[in-house]
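Working notes, beginning with the structure itself.
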Amino acid sequence: MSDKKKVIFSGMQPSGHVTLGNYLGALKNWTDLQEDYNCLFCVVDMHSITVRQDPPTLRRLSREFLMQYIAAGINPEENIMYYQSHVPEHAELAWILNCFTYMGELNRMTQFKDKSQRHAENINAGLFTYPALMAADILLYQTDLVPVGDDQKQHLELARDIAIRFNNAYSPTFKVPEGYFGKAGARVMSLQEPNKKMSKSDEDENAFVSILDSPDVIARKFKRAVTDSDNEIRFSEDKPGISNLLNIYSAITGKSIEESEKDFDGKGYGDFKMAVAEVVIDELRPLQDRYKELEKDKAYIDGIIKENAQTASYLANKTLSKVQRKVGFPPKIR
Ligand code: AQP
């Protein structure tokens, strides 16, 4: 890693398939930023067990996530990509940061409220303290910038508050990170309930597009996307379904919302949905082709998993050892 470049950290939970929302809100931005920054892209498997996961599925999805990062264009030679669970410093720092995070702050987190409603049978302490682990993920690497969708804005704000609190209690220790929110793709909504964000763990498969969905499946999902009863292709708060599709179209084509609306002047919803499906299919085709190639190369992926975790651990330890010293843990006898 070059000392001159700023540091980026970002991650995704392997709790389903990478969705178009994850792609437009995060992954696509990662590929744009990788040249100019020292980047760490983590598969945050420890976060995903805040909701019950099937163990073999979690193992398979974690590996698939890493391959999707590479297929999307992240260069594994230039960036650090790894599993969170392979770098125990994340959990060690998270414990310390838990002790610098207030219950009142965690109580305000909308993700906790949403997920505890969705998983009422399993409202565990990990789900509640999730933001402290996320703060640890980010602060361990003296991160400058965190590219996330705006659903994660609240967690990032809290990470900043925790960093400032710790720095004030001792002495400057953590860099206070900034968020990076890609414009158009910042929040992709569910295709079935467009007032809700698109989520990979949605039980309704028609609500999300996975970036590995075949062209037929993508077309079918867009065809079934919920719209409204008038027939006007216009971005408006009272037209969440149409606005979401315009947003997706604009994020992929790079056109403004106004230009996107013009593209569909006088067209019906059917044609519009198919046009959005087509730009999505074209955008994902190269990624899907690369993914198929990577699936054949087990040794290559294994090598990346091993080496990157070692590098991440080395970097993480620099911060962790400082933190341990500052809070008063006795030095290790070597
Ligand atoms: N709908 C979305 N639109 C834009 N960005 C999104 N992100 C997630 N959903 C959208 C961004 O994707 C990155 C990875 O998210 P995550 O895996 O850490 O968890 P999440 O935000 O909880 O994503 P999901 O898909 O909703 O997962 P589940 O269903 O497991 O909870 C983040 O940068 C996020 O902002």
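Please treat every number below as a calculation from the coordinates, not as lab data. Model, not experiment: these values are computed from the prediction. FYI the Cβ positions are ideal-geometry reconstructions off the backbone, even for glycines, and counts take in every protein chain you see.
A few comments on the model shown:
- When both bridge partners sit in the chain, DSSP labels roughly 10% of those beta bridges antiparallel.
- Theoretical gain in end-to-end length, residue 157 to residue 78 [0.36 nm per residue, Cα-Cα removed]: 25.6 nm
- Cβ-Cβ distance of residue 36 and residue 327, R₀ of 45 Å, FRET efficiency by 1/(1 + (r/R0)^6): the value works out to about 0.85.
- For the chain, built as a Gaussian network whose Cα springs stay under 10 Å, the top-fluctuating residue of 277, 125, 159: 125
- Electrostatic tally near residue 243: other residues with Cβ closer than 12 Å to its Cβ, Lys and Arg +1, Asp and Glu -1, net -2.
- Placing dummy labels 7 Å off each Cα toward the beta-carbon, the span from residue 164 to residue 116 is 2.5 nm.
- Calculated P(r) tail over 24 Å for the chain, as whole % of Cα pairs: 56
- Total formal charge among the other residues, if their Cβ is under 12 angstrom from that of residue 319, Lys/Arg +1 and Asp/Glu -1: +2
- Rounded FRET efficiency, nearest 0.05, which uses the C-beta distance separating residue 99 from residue 231 and R0 of 51 Å: 0.35
- Pairwise Cα separations in segment 142-301 fall into 10 Å bins from 0 onward with the following percentages, short to long: 10, 30, 28, 19, 11, 2, 0.
- Efficiency of FRET between residue 271 and residue 292 - r from beta-carbon atoms, R0 41 angstrom, step 0.05: 0.85
- Each residue, residue 214 and residue 125, gets one label point 7 Å from its Cα in the Cβ direction; the gap between the two is 4.7 nm.
- Ellipticity estimate at 222 nm from DSSP helix runs (n ≥ 4, -39,500 (n - 2.57)) divided over the chain, nearest 500: -16000 deg cm²/dmol
- Residues with amide H under 5 Å from that of residue 100, placed H, sequence gap 5 or more: none
- Total lysine pairs under 20 Å (Cα atoms) in segment 213-293, excluding pairs fewer than 8 apart on one chain: 13
- Each peptide among 66-78, 94-106 gets the average number of other Cβ atoms lying within 10 Å of its residues, and from highest to lowest they stand as 66-78, 94-106.
- Paired Rg and Dmax values of segment 171-246, which use every Cα atom, in angstrom: 16.4, 60
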